[in-house]
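Engineer: Before we start, here is the structure in question, set down as structure tokens.
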Amino acid sequence: MSKTKVYQSLKEFYPFYLSEHRNTTCRVLHFIGTSLVVLSFLGFLISLNYRFLLAMPLLGYGFAWLGHFFFEKNKPATFQYPAYSLASDFLLFFDLLRGRESFKSE
């Protein structure tokens, strides 16, 4: 049985996270989910309707997990590293927004 690596920082974790997101469709689904999370949060701030907050994890994780289970065909890192994974979702979002392509598979 292989031993799972223990990451000590987000900087150390992010390259692993990117290696688990090589599929373009998976990355696009993550981008859509994170975009909807941001829009839901803004909707909450504008309306103070708590339903927007309740929708955030469903939207974010729903799109991301579809990408993993059906396209990337791997287990989301969220299950083992929830905080690093959430932070990495936003790093990936901003990388994609800026058109940063250095994380593509070699």
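The values are calculated or read from the model by the stated rules, or taken from the named source; none is laboratory data. These figures come from a predicted structure and were not determined experimentally. Cβ coordinates were reconstructed from backbone atoms using ideal geometry, including for glycine residues, and neighbour counts include every protein chain displayed. Note: areas computed on protein heavy atoms with side chains; ligands, DNA, RNA excluded. Shrake-Rupley method; radii C 1.70, N 1.55, O 1.52, S 1.80 Å.
Engineer: Using the C-alpha atoms of the chain, what convex hull volume per residue, in cubic angstrom, is computed?
Structural biologist: It is 113 Å³ per residue.
Engineer: Below 8 Å between Cα atoms, with a sequence gap of 6+, how large is the relative contact order for the chain in percent?
Structural biologist: Relative contact order comes out at 36 percent.
Engineer: Per-residue ellipticity at 222 nm for the chain, helices alone: DSSP H runs ≥ 4 residues times -39500 (n - 2.57), over residue total, nearest 500 deg cm²/dmol? Mind dumping the intermediate values first?
Structural biologist: Details: 4 runs with 66 residues, N = 106.
So the calculated ellipticity at 222 nm is -21000 deg cm²/dmol.
Engineer: Calculated FRET efficiency, Glu12 and Leu45, Cβ-Cβ r, R0 35 Å, to nearest 0.05? Before the final figure, lay out the partial values.
Structural biologist: On the way: r = 33 Å, r/R0 = 0.94.
After rounding to 0.05, the efficiency reads 0.60.
Engineer: Suppose we flag trypsin sites (Lys or Arg not before Pro) only when DSSP calls them loop and at most 12 other Cβ atoms lie within 10 Å. Which is the longest uninterrupted stretch of the chain? Let's see the in-between values first.
Structural biologist: Numbers: sites that count: Lys3, Lys5, Lys73, Arg98, Arg100, Lys104.
Between the exposed loop sites, the longest stretch runs 6-72.
Engineer: Now a separate question. Over the chain, with the other protein chains present, what is the accessible area per residue in square angstrom, probe 1.4 angstrom? Please list the in-between numbers first.
Structural biologist: Details: 6990 Å² over 106 residues.
Ligands and nucleic acids excluded, the figure is 66 Å² per residue.
Engineer: At 1.4 Å probe size, with the rest of the protein present, what percent of the exposed accessible area of the chain is carbon and sulfur atoms? Mind showing how you got there, number by number?
Structural biologist: On the way: 4740 of 6990 Å².
Summing carbon and sulfur atoms, their accessible area is 68 percent of the total for the chain.
Engineer: Can you pull out the chymotrypsin sites (Phe, Trp or Tyr not before Pro) in the range 1-92 whose DSSP state is coil and whose Cβ has at most 16 other Cβ atoms within 10 Å?
Structural biologist: Numbers: sites: Tyr7, Phe13, Phe16, Tyr17, Phe31, Phe41, Phe44, Tyr50, Phe52, Tyr61, Phe63, Trp65, Phe69, Phe70, Phe71, Phe79, Tyr84, Phe90; in loops: Tyr7, Tyr50.
Within the range 1-92, the qualifying chymotrypsin sites (Phe, Trp or Tyr not before Pro) (loop, at most 16 other Cβ atoms within 10 Å) are Tyr50.
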